[in-house]
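**Q** The structure is given below, and queries will be raised subsequently.
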Amino acid sequence: MHTLRHLVLTVLAVSGILVVGYYAIINLFYFTIHALAVRELQDDVREASYDPPFRPFSAPSYPGVAVIVPAYNEEATVVESLRSMLSLNYPDMEIVVVNDGSTDTTLETLRDNFDLETVEASIPLEVPSEPIHDVYRSTIYEELLVVDKENGGKSDALNAGLWLTDKELFCAVDSDTMIDREGLLQIVQPFLTEPTKAVASGGTIRVANECVIEDGVVEEVRLPKTGLPGLQAMEYLRAFYSGRLGMNRLNGLILISGAFGVFRTDLVREIGGYRHDTITEDFDVVMRLHRLLRDRDQEYSVDFVPEPVAWTEVPDNRRVLSRQRRRWYRGMIETVRTHGDMLLNPRYGRVGILIFPLFVLAEVFGRLVEGLGYVLLPVAWYYGALNVEYFLIFFLLTTGFGVFLSWFGIFSEAWSFNRYERPGQILRLLWYGVLENFGYRQWKTLVAWHGLFEYLRGDTTWGVMERSGFGGADEESDSEPPDGTGD
């Protein structure tokens with residue numbers, strides 16, 4: 001018994017040292033990323049203030065963009081989403097909706113609302129997708145193309161649209177997403193300023209729950225008053241206005257949201273399009289672009305542009321949110337394993353040596369380490385090894401730093417593009433930054449462990465998508481998980 005007690009106390013002591021060291025490294029990483037985000041945001045706000053509103057259409061060489069919209073059982077949201085996309089201000093745009101073998105009335109809804117007629121289309125033999133049945137074009141909106149194909153999943157649908165367009169760039173957008181009218185003009189700016197270097201750019205994702213939406217346009221920005229959507233609104237601000245801005249400052253952006261990102265068409269075709277054997281195809285495609293261009297020793301840039309915004313509804317109950325976050329976590333592990341040879345590999349520059357390893361340390365292992373801590377606490381108390389004063393100090397420091405990172409993202413939003421204009425909205429966001437540390441954060445730790453067990457069992461399912469339309473959805477959004485946020 002004495003030997004067991006001694007062993008347990010030794011394990012607890014070593015674990016405590018490792019956990020403290022781990023949190024010190026991770027929090028230093030987060031602090032550095034957020035500090036760099038300030039400089040990056042200053043530059044972005046300065047550049048945005050210099051651009052007159054008439055400038056975009058004065059550029060005769062705007063690249064053509066295909067907005068590719070995978071749609072599977074989206075009858076509740078697809079019409080309003082397309083209305084939003086059709087209202088985008090952009091001189092050379094094509095919208096390609098890919099009906100991915102829907103079993104509901106998605107295709108009929110599109111026909112009824114947009115007066116589709118069949119067109120003769122040259123379908124390349126090498127399209128890496130399930131068979132394509134028909135191609136339609138709207139007689140009302142010439143720029144709207146609809147592809148009807150057998151079900152193959154989101155990656156498969158994206159590939160069908162990618163191989164059927166002749167536009168220089170394509171924008172991958174979820175069918176439950178609405179883009180600001182100027183969003184496409186803003187997100188392609190890297191391709192105008194550095195046309196030979198830019199290969200991909202991503203915009204900001206915001207929460208649409210409770211916003212006033214008319215004809216596919218967000219007319220009034222409202223902050224969700226209910227707990228889960230409100231907490232997610234705060235998370236998204238922290239992720240995009242801190243995490244991605246900081247990585248962008250280091251020229252090491254490895255994540256572009258699958259809900260709103262622009263890519264060079266030829267390069268994504270060159271890497272074979274989107275992989276079918278992954279559930280985080282957006283993360284994977286950016287990593288493969290980094291790999292391709294670093295292997296070629298080609299100068300390039302992957303950019304995050306904070307001003308353009310896409311709006312998406314987020315889950316408003318724990319069941320759907322848990323399913324979404326478990327899928328994200330499984331996909332993240334899968335992508336990290338796929339590109340494990342890039343970790344600490346100087347061949348891949350800052351991405352391989354710095355960004356990717358720290359991302360893995362923070363985002364893959366962070367929740368797992370935290371979960372182990374919750375298990376070790378009662379064990380330490382039982383064996384009399386818990387120093388209550390030390391624990392309280394550690395808890396207050398880690399919680400306080402987490403609140404600081406959340407408030408940092410919120411104040412960055414208020415100082416820069418300020419979509420939440422009313423003081424009451426900012427105060428509520430600040431409250432969410434505190435509230436998440438008492439229950440929500442611990443729940444996300446359990447979800448991550450659940451996701452790990454699902455991954456180890458070989459679970460590759462997406463789960464059932466539940467749509468109820470804009471204005472109050474119990475649905476699973478495909479926008480990207482918050483990254484590098486210290487949550």
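The values are calculated or read from the model by the stated rules, or taken from the named source; none is laboratory data. Small disclaimer: the values here were computed from a predicted structure and weren't measured. Cβ: placed from backbone, ideal geometry, glycine included. Neighbour counts: every protein chain shown. Side chains included, ligands, DNA and RNA excluded: accessible areas come from the protein's heavy atoms. Shrake-Rupley method; radii C 1.70, N 1.55, O 1.52, S 1.80 Å.
**Q** Just to confirm the filter: which chymotrypsin sites (Phe, Trp or Tyr not before Pro) across region 387-443 are DSSP coil and have at most 14 other Cβ within 10 angstrom of their Cβ?
**A** Working: sites: 390, 391, 394, 395, 401, 404, 407, 408, 411, 415, 417, 420, 431, 432, 438, 440, 443; in loops: 417, 420, 438.
Here the sparse-neighbourhood loop sites are 438.
**Q** Given labels modelled 7 Å from the Cα in the Cβ direction, how far is it in nm from residue 421 to residue 166?
**A** Distance between the two pseudo-spin positions: 4.4 nm.
**Q** Where in the chain is the longest stretch that carries no trypsin sites (Lys or Arg not before Pro) classed as loop by DSSP and with at most 12 other Cβ atoms within 10 Å? Write down the numbers at each step before the final one.
**A** On the way: sites that count: 225, 296, 457.
Between the exposed loop sites, the longest stretch runs 1-224.
**Q** Then there is this: Normalising by the residue count of the chain, find the relative contact order in percent from Cα pairs under 8 Å and 6+ residues apart.
**A** Numbers: 848 pairs, mean separation 99.2, N = 487.
With pairs under 8 Å counted, the relative contact order is 20 percent.
**Q** Indicate, rounded to the nearest 5 percent, the antiparallel portion of the DSSP beta bridges found entirely in region 55-357.
**A** On the way: 22 of 47 bridges.
Here the antiparallel bridges make up roughly 45 percent for region 55-357.
**Q** With everything on Cα atoms, drop me the angle between helix 154-163 and the longest principal axis of the chain, reported from 0 to 90° to the nearest 10.
**A** The helix 154-163 is inclined about 40 degrees to the chain.
**Q** Heavy atoms only, probe 1.4 Å: what % of the accessible area of the chain goes to carbon and sulfur, would you let me know?
**A** Answer for the chain is 58 percent, counting heavy atoms of protein chains only.
**Q** Average the reciprocal distances over every distinct pair of alpha-carbons in region 16-147, invert the result, and give the Kirkwood radius in Å.
**A** Details: mean 1/r = 0.0527 Å⁻¹.
About 19.0 Å for region 16-147.
**Q** Determine the calculated [θ] at 222 nm for the chain from helices alone, applying -39500 (n - 2.57) to every DSSP H run no shorter than 4 residues and normalising by the residue count; nearest 500 deg cm²/dmol. Spell out each step's value before the answer.
**A** Details: 16 runs with 225 residues, N = 487.
Helix-only estimate at 222 nm: -15000 deg cm²/dmol.
**Q** Would you work out the relative contact order for region 26-178, in percent, from Cα pairs under 8 angstrom that are 6 or more residues apart? The partial results should precede the final answer.
**A** Numbers: 244 pairs, mean separation 45.8, N = 153.
Once divided by the residue count of region 26-178, the mean separation gives 30 percent.
**Q** To the nearest 0.05, how large is the calculated FRET efficiency for residue 442 and residue 404 if R₀ is 22 Å and r is the Cβ-Cβ distance? Don't jump to the answer; show the numbers that get you there.
**A** On the way: r = 19 Å, r/R0 = 0.87.
The formula returns an efficiency of 0.70 here.
**Q** Measuring from label point to label point, each 7 Å out along Cα→Cβ, what is the residue 377 to residue 141 span in nm?
**A** The two pseudo-label positions are separated by 5.0 nm.
**Q** Right, next: Calculate, for region 55-357, the solvent-accessible area per residue in square angstrom, rolling a 1.4 angstrom probe over the heavy atoms of the protein chains. If you can, show how the numbers build up before the last one.
**A** On the way: 10420 Å² over 303 residues.
Result: 34 Å² per residue.
**Q** Note down, for region 187-307, the three equivalent ellipsoid semi-axes (square root of 5 times each alpha carbon gyration tensor eigenvalue), biggest first, whole angstrom.
**A** Equivalent ellipsoid of region 187-307: 30, 15, 14 Å, largest first.
**Q** Starting from 0.36 nm per residue, how many nanometres of slack lie between residue 46 and residue 151 once their C-alpha separation is accounted for? Don't skip to the end; give the middle numbers.
**A** Working: separation 105, 0.36 × 105 = 37.80 nm, distance 4.53 nm.
Additional length available on full extension: 33.3 nm.
**Q** Given N residues in region 55-357, what is Rg(Cα) / (2.2 N^0.38 Å)? Display every interim value, and only then the final one.
**A** Numbers: Rg = 18.6 Å, N = 303, 2.2 N^0.38 = 19.3 Å.
That works out to 0.97 for region 55-357.
**Q** Further question on the same structure: Would you please name the GluC sites (Glu not before Pro) within region 249-303 that are DSSP coil residues with at most 10 other C-beta atoms within 10 Å of their C-beta? Each step should come with its number before you reach the end.
**A** Numbers: sites: 270, 281, 299; in loops: 299.
Here the GluC sites (Glu not before Pro) that fit, given the DSSP loop and packing criteria, are 299.
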